[in-house]
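Asker: Just passing along the structure, written as structure tokens.
The values are calculated or read from the model by the stated rules, or taken from the named source; none is laboratory data. What you see is a predicted model, and the numbers here were worked out from it, not measured in a lab. Cβ placement follows ideal geometry from the backbone for every residue including glycine, while neighbour counts extend to all protein chains displayed.
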């Protein structure tokens, strides 16, 4: 695998050359500081760009063109990355050797059409496309409570924080009502002109050809300062945990526990923390699975996930309402035992093997590899092979030090009650 990065001032081009895949994936990434009142606007824009363009006036026409490009797949997505919001537009196509010469060029031209030539007249987005997206977004937002897993996570974060972590990535109904074809286009121009930008291309590629094609079809004139400092959310945990219980007509209760991480070094955040989390709550070998599910039969599922930029670990479980108190008690007990070093070398060995398998899986996915190189670009994390070597060196003492820096801040439960 060969990685080449080119800095063209207004954007960076990242080329990952590998013979593992028959497809070529091109991902265009826009990012800017997140603002709560712009989240819904950005979500709508992301979807509108996928509805039509100047040349292809409907989603059907876009789909037909994608099929002409040997079933190319076009997707767009928004995500939060610490204090930044990211919009990715990704096109996946078959390598020219499996199609015909020139298909790659035609595909990149198509991607350029979607991003830079939207369906706009008189500085306004097409009303029909916009209304389709707004209607779908409204339905999704109005039905948010029905997605109890997502809703419980949102409510946990809203009770833990008042910054970006608490912002609803799905958006807000009150902001949706303010969006029109004119202010959406104004925001689109702002994103194109001001956002920081990275382009990733992965596959069995000719890097010289890729560089020429990207320069030709992504002729961005605006110089954009690329230095970004991602601020960690350093908020100390409460002296006494906050507990919120809300009722919902459901057969299952959704438990979400937010744990603060304080005072971690970069090494601890990238390595011992990962092993700590795997031992605590990842998979059927974890402490939480064994104690809460297997031994006490208290949950349908349980897991833990770290969010390193927000400095939190979130523990989630699906349980019966009668088991809420006991489940929390066992989780706290297991966390205390890890602080005291009550785990063994076999636990560490299993966690390291799990991590290495995850790294192996990452190299089998174009999207995961792009994510890995993007994290290297934005956060300065190590490359995959360095991660593998450094993880081998993590000791039990390293993990115990991290365990002592993890503290429960907020417990949220969406308690299921009988209808």
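Asker: Among the residues of region 88-134, write down those that are assigned to a helix (DSSP H, G or I), under 23 Å from the mean Cα position of the chain (by Cα) and within 19 Å of residue 205 (Cα to Cα).
Answerer: The answer is 111, and nothing else.
Asker: Continuing with this model, one more query. Any residue in region 75-87 that is outside any strand (DSSP E or B) and closer than 30 Å to residue 235 by Cα?
Answerer: Within region 75-87 (the criterion being outside any strand (DSSP E or B) and closer than 30 Å to residue 235 by Cα), the answer is yes, since at least one residue qualifies.
Asker: Report the residue count in region 236-259 for those that are farther than 22 Å from residue 280 by Cα and in contact (Cβ under 8 Å) with a residue 12 or more places away in the chain.
Answerer: The qualifying residues number 9.
Asker: Then there's this: If you scan region 144-168, which residues turn out to be modelled with pLDDT under 95 and either assigned by TED's automatic domain parsing to the domain that holds residue 409 or not in a helix (DSSP H, G or I) (or both)?
Answerer: Those that are modelled with pLDDT under 95 and either assigned by TED's automatic domain parsing to the domain that holds residue 409 or not in a helix (DSSP H, G or I) (or both): 147, 161, 162, 163.
Asker: Would you say residue 342 is free of Cβ contacts under 8 Å to residues at least 12 places away in the same chain and either farther than 30 Å from residue 245 by Cα or assigned to a helix (DSSP H, G or I) (or both)?
Answerer: yes
Asker: When you scan region 51-70, do you find a residue that is in the same structural domain as residue 173 (by TED's automatic domain parsing) and in a strand (DSSP E or B), even just one?
Answerer: no
Asker: If you check residue 276 against the conditions, is it in a helix (DSSP H, G or I) and surrounded by 20 or more Cβ atoms within 10 Å (Cβ to Cβ)?
Answerer: Yes, satisfied.
Asker: Here's something else I'd like to know. State yes or no: is residue 237 surrounded by 13 or more Cβ atoms within 10 Å (Cβ to Cβ), modelled with pLDDT under 95 and either in contact with a strand residue (DSSP E or B) (Cβ under 7 Å, 6 or more places away or on another chain) or on the phi > 0 side of the Ramachandran plot (or both)?
Answerer: Yes; evaluated as a whole, the condition is true for this residue.
Asker: Another one. Just checking, does region 154-172 include any residue being over 30 Å from residue 315 (Cα atoms) and touching a helix residue (DSSP H, G or I) at 6+ places or on another chain (Cβ under 8 Å)?
Answerer: No, region 154-172 contains no residue that is over 30 Å from residue 315 (Cα atoms) and touching a helix residue (DSSP H, G or I) at 6+ places or on another chain (Cβ under 8 Å).
Asker: Kindly indicate whether residue 143 is surrounded by fewer than 15 Cβ atoms within 10 Å (Cβ to Cβ) and within 26 Å of residue 256 (Cα to Cα).
Answerer: Criteria met by residue 143.
Asker: Looking at this structure, is residue 77 within 15 Å of the chain's Cα centre (by Cα) and assigned by TED's automatic domain parsing to the domain that holds residue 165?
Answerer: Taking the combined requirement at face value, the residue satisfies it.
Asker: Take residue 20 and decide whether it is surrounded by fewer than 19 Cβ atoms within 10 Å (Cβ to Cβ), closer than 30 Å to residue 124 by Cβ and touching a residue at least 60 places away in the same chain (Cβ under 8 Å).
Answerer: It is false that residue 20 is surrounded by fewer than 19 Cβ atoms within 10 Å (Cβ to Cβ), closer than 30 Å to residue 124 by Cβ and touching a residue at least 60 places away in the same chain (Cβ under 8 Å).
Asker: Could you check region 29-41 and list, in sequence order, the residues that are out of contact with any helix residue (DSSP H, G or I) (no Cβ under 6 Å at 6 or more places or on another chain) and buried (at least 22 other Cβ atoms within 10 Å of the Cβ)?
Answerer: 29
Asker: Quick one: would you say residue 329 is surrounded by fewer than 22 Cβ atoms within 10 Å (Cβ to Cβ) and either within 26 Å of the chain's Cα centre (by Cα) or not in a strand (DSSP E or B) (or both)?
Answerer: yes
Asker: Let me ask something additional. When residue 96 is evaluated against the numbered criteria (1) out of contact with any helix residue (DSSP H, G or I) (no Cβ under 7 Å at 6 or more places or on another chain); (2) at pLDDT below 95; (3) more than 30 Å from residue 309 (Cα to Cα); (4) surrounded by 12 or more Cβ atoms within 10 Å (Cβ to Cβ), which criterion, by number, is the only one it fails?
Answerer: (1)
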